[in-house]
Amino acid sequence: MSDGIVYLVGAGPGDPSLITLRGVDCLQRADVVVYDYLANEQLLSHAPETAERIYAGKIGGRHNQGQDEINRLLVTKAAVGKVVVRLKGGDPFVFGRGGEECEALREAGIPFEVVPGVTAAVGASAYSGIPLTHRGITASVAFVTGQEGEHKDGSNIDWDRLSLGGGTVVFYMGVTTLRRNMQRMVEHGRSPNTPVALVRWATTACQQVLVGTLADIADRAEECDFKPPAITIVGEVVALRERLQWFEKRPLCGKKIVVTRAAEQAGEFSTKLSARGATVLECPTIRLVEPESWQLLDLAIRELPGYDWLVLTSVNAVRYFFQRLDTLGLDARALAGCRVCAVGPKTAAEVRSFGVKPELVPADYKAEGIVDEFARLDMQGCRVLFPRADKARDVIPGELKRMGAHVDSPVAYRNVFPERLPPETLFALEKRSVDCVTFTSSSTVQNLAAMLGEEMMLDMLKGVVVASIGPITSKSCRDLGLKVDIEPQSYTMDALVEALEVHFG
Ligand code: SAH
């Protein structure tokens, strides 16, 4: 007996977060993933790295021969005991040939399960603000292929009922046949003034919506060279879009924004930008690595009871410091006699996550802010531990020493830069399709310049909006010849997101 099984999984219409939990669960267990042109490739990241990934588009597109080959592939892989995920755009059983694949599997005696997905019509409906049914307007909806009848003498579609029934009609695969199908509906009795919407690449950042009527939508589509894949929604409900559209109204909709943070930190910032409609291009410019030697930090940690203050100026410093504490067999109790200063709310939250409450968070979230706060205290003879990055500015140790404090600033981690940019980001920069680049520390600017070469960076960022988190980063930008367009009043990610909204809104 083998454990081979095929899961036909609906990938949803495009937005990778629209897959079901069950779909993700199947992907996580997959040995083989056979995926379609319309299934978002980002979903493959749910599968184990070791899983075999096979693009079904290569196997044969829409032809029957190709379909036979896909069926055979599913059977052979599952027959040797593999867990196979057949990942299909939208829902497997809505114009997805899922039924045919199930028949082939059944014949071969291979077990299968079907996981539904958000079909394109439903995805397009939600993301274009066009309810498919609406009380008082339409009580039924039909999903219809736009290709039926084109290659055959007769048609399986009852055009009379479809046209006169008054319900919403959604055509799949109907861009190339748009004119003919719209004409047919009018010929069979639907009013030529019936509103129609074409929704292309629904639910993705490239979503495009074109609205017209049965009489003029084909002309309009031709005028702007409207291309597949798109859904055609026909019915009075289309008029609701004017009031109900939300997707395009998000403040950063359609903006391509490069995020230059360290890979492990970009997550939250990127999520916030995406939630506001931006397409985020990750561009890690910083890789964090251990110091060349732990010696100085270890020495300081062993002498923690002798320090009056621990100063932490980044989330990373917090993480590396507490990790090292742990490695040395210690925990938060080692800080019992020591007060803690965190540079800003994020750093403070990170400190709290290790069970320690910072005594001091300056009003101004930067090194100068910390210095100002300490200037109000009597620092004479105080011992301060300041675990820092290798390329940190000298403001804190310098100023605190002037106040009479003893400052030790061992390196807790180093910033190095990755050798190259992710291809997608480089491609977008080369194509000049980027709207904005964000810098959240001096190293992000300096490293990008080092990765691209200064001249190349300046050239690629011509006409691109430069957003910097604060004055120090902005100065680093200007030192390299970049003009800064956006700088929030307070130096936080949230403030930067807000400033971007204001700028592009
Ligand atoms: N099984 C899929 C449909 C596959 S047929 C589903 O349930 O959605 C392919 C057709 O689906 C395309 O020609 C187009 O009409 C539609 N389609 C799929 N994804 C789409 C998207 N993101 N935006 C608009 N139409 C889409």
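The values are calculated or read from the model by the stated rules, or taken from the named source; none is laboratory data. In this text, all values refer to a predicted model and were calculated from it rather than measured experimentally. So basically every Cβ, Gly included, is an ideal-geometry build from the backbone, and we count neighbours across all protein chains shown.
The table below lists the values:
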quantity: Within the range 162-177, considering residues that are among the aliphatic types (A, V, I, L, M) and touching a residue at least 40 places away in the same chain (Cβ under 8 Å), the one nearest to the ligand (Cβ to nearest atom); calculated: M173
quantity: Residue count, the range 192-209 (criterion: surrounded by 14 or more Cβ atoms within 10 Å (Cβ to Cβ) and either outside the structural domain of R135 (by TED's automatic domain parsing) or more than 25 Å from F247 (Cα to Cα) (or both)); calculated: 0
quantity: V445, sole failed condition from (1) surrounded by fewer than 22 Cβ atoms within 10 Å (Cβ to Cβ); (2) in a helix (DSSP H, G or I); calculated: (1)
quantity: Matching option when the condition is modelled with pLDDT under 95 and in contact with a strand residue (DSSP E or B) (Cβ under 9 Å, 6 or more places away or on another chain), among P358, P362; calculated: P362
quantity: Selection status of L21, on the phi < 0 side of the Ramachandran plot and within 13 Å of the ligand (Cβ to nearest atom); calculated: no
quantity: Some residue of the range 454-470 being touching a Ser or Thr at 6+ places or on another chain (Cβ under 9 Å), in contact (Cβ under 8 Å) with a residue 40 or more places away in the chain and β-branched (V, I, T); calculated: no
quantity: Residue list for the range 224-249, restricted to those being among the charged types (D, E, K, R) and either within 12 Å of the ligand (Cβ to nearest atom) or touching a Gly at 6+ places or on another chain (Cβ under 9 Å) (or both); calculated: K227, E236, R241, E242, R243, E248, K249
quantity: Candidates T213, T232, T203, filtered to the one that is in contact with a Pro (Cβ under 7 Å, 6 or more places away or on another chain), under 26 Å from S17 (Cα atoms) and not hydrophobic (A, V, I, L, M, F, W, C); calculated: T203
quantity: Of all residues making up the range 312-362, the number that are farther than 24 Å from R287 by Cβ and in contact with a Cys (Cβ under 8 Å, 6 or more places away or on another chain); calculated: 5
quantity: Failed item, numbered, when Y127 is tested on (1) over 30 Å from K77 (Cβ atoms); (2) touching a strand residue (DSSP E or B) at 6+ places or on another chain (Cβ under 8 Å); (3) away from the ligand (no atom under 16 Å from the Cβ); (4) of a type outside the set (S, T, N, Q); calculated: (3)
quantity: Residue in the range 90-104 that is in contact (Cβ under 8 Å) with a residue 60 or more places away in the chain and either on the phi > 0 side of the Ramachandran plot or in the same structural domain as A205 (by TED's automatic domain parsing) (or both) present; calculated: yes
quantity: Yes/no for A375 being more than 22 Å from S474 (Cα to Cα), buried (at least 22 other Cβ atoms within 10 Å of the Cβ) and of a type in the set (G, A, S); calculated: no
quantity: Residue in the range 197-231 that is farthest from V169 (Cα to Cα), counting only those that are in contact (Cβ under 8 Å) with a residue 40 or more places away in the chain and β-branched (V, I, T); calculated: T204
quantity: Per-region count, the range 408-420, residues out of contact with any Phe, Trp or Tyr (no Cβ under 9 Å at 6 or more places or on another chain) and either of a type in the set (D, E) or part of a loop (DSSP other than H, G, I, E, B) (or both); calculated: 4
quantity: In the range 65-93, the residues that are within 16 Å of the ligand (Cβ to nearest atom) and either of a type in the set (S, T, N, Q) or surrounded by 20 or more Cβ atoms within 10 Å (Cβ to Cβ) (or both); calculated: Q67, I70, V85, R86, L87, K88, G89, G90, D91, P92
quantity: Hits in the range 296-330 (condition: touching a residue at least 24 places away in the same chain (Cβ under 8 Å) and of a type outside the set (A, V, I, L, M, F, W, C)); calculated: D298, R302, P305, G306, Y307, D308, T313, S314, N316, R319, Y320, R324
